[in-house]
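Data block below; observations after.
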Amino acid sequence: MNWFKHNKRKIKMKKLLVVALGLLVAGTVTESAAKGQKKAQTPEQEKLKTEMTTKYDANKDGKVDEQEAAKIDRADKKKMKEAGVKLGGKRKK
């Protein structure tokens, strides 16, 4: 009879361990998914991005590629940095 109680206790501990690990994994997945979301831009940021895209999009495809981004002048780069707007160039993976 003592062996049976001991075995039940082991099973309960294993179940508890599985539940705890499951919660840990779920929390980690949720956190990493939240980090992947982009922040919404303010109307001012959207306006500046549209202006800069219109100004520097030479091939008129609606995007600023690497070559076009290289031609952005210093004043506009500073303005975009202060506003928190990014255009073109290489994307971080």
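What follows is calculated from the coordinates using simple rules that are stated; it is not laboratory data. Quick caveat, the model's predicted, so the values are computed rather than measured.
A compact table of results
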quantity	calculated
Per-residue HN-Hα couplings for region 55-68 [Karplus 6.51, -1.76, 1.60; θ = phi - 60°; Hz; x = Gly/Pro]	6, 10, 7, 5, 8, 6, 9, x, 9, 9, 8, 4, 5, 5
Extended-chain gain in nm, criterion 0.36 nm per residue less alpha-carbon gap, K63 and Q41	6.2 nm
Stretch gain in nm, segment E51-K10, where the contour uses 0.36 nm per residue and the Cα spacing is subtracted	8.2 nm
Cα extents of region 43-83 along the three principal axes, largest first (Å)	25, 21, 12
Extension gain, A83 back to A70 (0.36 nm per residue minus Cα-Cα distance, nm)	2.8 nm
